[in-house]
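The values are calculated or read from the model by the stated rules, or taken from the named source; none is laboratory data. Note that the structure is a prediction, hence the values are computed from the model and not measured. Here the Cβ positions follow ideal geometry from the backbone for every residue, glycine too, while neighbour counts run over all protein chains shown.
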Amino acid sequence: MTSNNILRASATRTKVGFPPVCTGADLVLVLGSFPGQASLQKNEYYAHPYNGFWPIMGELLGFAPTLEYEKRVGFLNRNRVALWDVLTSCSRDGSLDSSIRKDSMIINEFDDFFENNRLIHTIFFNGAVAEAEFRKRVLTTKPLAKRKFVLHRLPSTSPALATLSLSQKMQAWSVLLEALEHTGEV
């Protein structure tokens, strides 16, 4: 095996994602597809410096997106916003969803998650891949088919989605506040 092939093989090894950020009292769930390289390296959701997730959440929930990670997560917890990914593991080169090998996708255990987080009524998808894989691989299971969720696909906060500005993404993501306000939260 050449050194280039060895590097490629190691780059596409199975990667493992993160546990959910949740309290059991959350009302909404934000689902991504799978953490990117920067997130995996820092062991933090949405760690890429140009990802718009934390600036958007900071604006919507009233905190500085530059706070240390644990404090940002605390704001999500206090505002009853859960955070997770559809995939628990996969193989891919780099960080793009389009690079995920379909045959390597392993879905998170949503039956147990929703059993322990019964107040979640709305699921927001951070991009098209998260929505597509959740609908295809999760919603078709019998236990979840009995639950009724409001589902919203939002524009990806990834810097790879450059057709929308951060301001446009923020405007689209403001529906998260509406979902929380609808239940008397925030």
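Can TYR50 be described as of a type in the set (Phe, Trp, Tyr), within 18 Å of ASN117 (Cβ to Cβ) and touching a residue at least 12 places away in the same chain (Cβ under 8 Å)?
Values: of a type in the set (Phe, Trp, Tyr): yes; within 18 Å of ASN117 (Cβ to Cβ): no; touching a residue at least 12 places away in the same chain (Cβ under 8 Å): yes.
Considered against the rule, which asks whether it is of a type in the set (Phe, Trp, Tyr), within 18 Å of ASN117 (Cβ to Cβ) and touching a residue at least 12 places away in the same chain (Cβ under 8 Å), TYR50 comes out as no.
Report, by residue number, each residue of the stretch 22-65 that is closer than 12 Å to ASN126 by Cα and among the polar types (S, T, N, Q).
SER33, ASN51
What's the number of the condition GLU115 fails, among (1) over 23 Å from CYS90 (Cβ atoms); (2) part of a loop (DSSP other than H, G, I, E, B)?
(2)
Looking at the stretch 131-186, which of the residues that are modelled with pLDDT under 85 and not in a loop (DSSP other than H, G, I, E, B) is surrounded by the most Cβ atoms within 10 Å (Cβ to Cβ)?
It comes out as LEU144.
What are the residues in the stretch 114-130 that are surrounded by 19 or more Cβ atoms within 10 Å (Cβ to Cβ) and more than 13 Å from VAL28 (Cβ to Cβ), if any?
GLY127, VAL129, ALA130
Does the stretch 79-88 contain at least one residue that is of a type outside the set (Gly, Ala, Ser), without any contact (Cβ under 8 Å) to a residue 60 or more places away in the chain and within 22 Å of LYS169 (Cβ to Cβ)?
Yes - at least one qualifying residue is present in the stretch 79-88.
Quick one: count up the residues across the stretch 102-117 that are touching a residue at least 40 places away in the same chain (Cβ under 8 Å) and under 17 Å from THR23 (Cβ atoms).
Looking only at that region, the number is 3.
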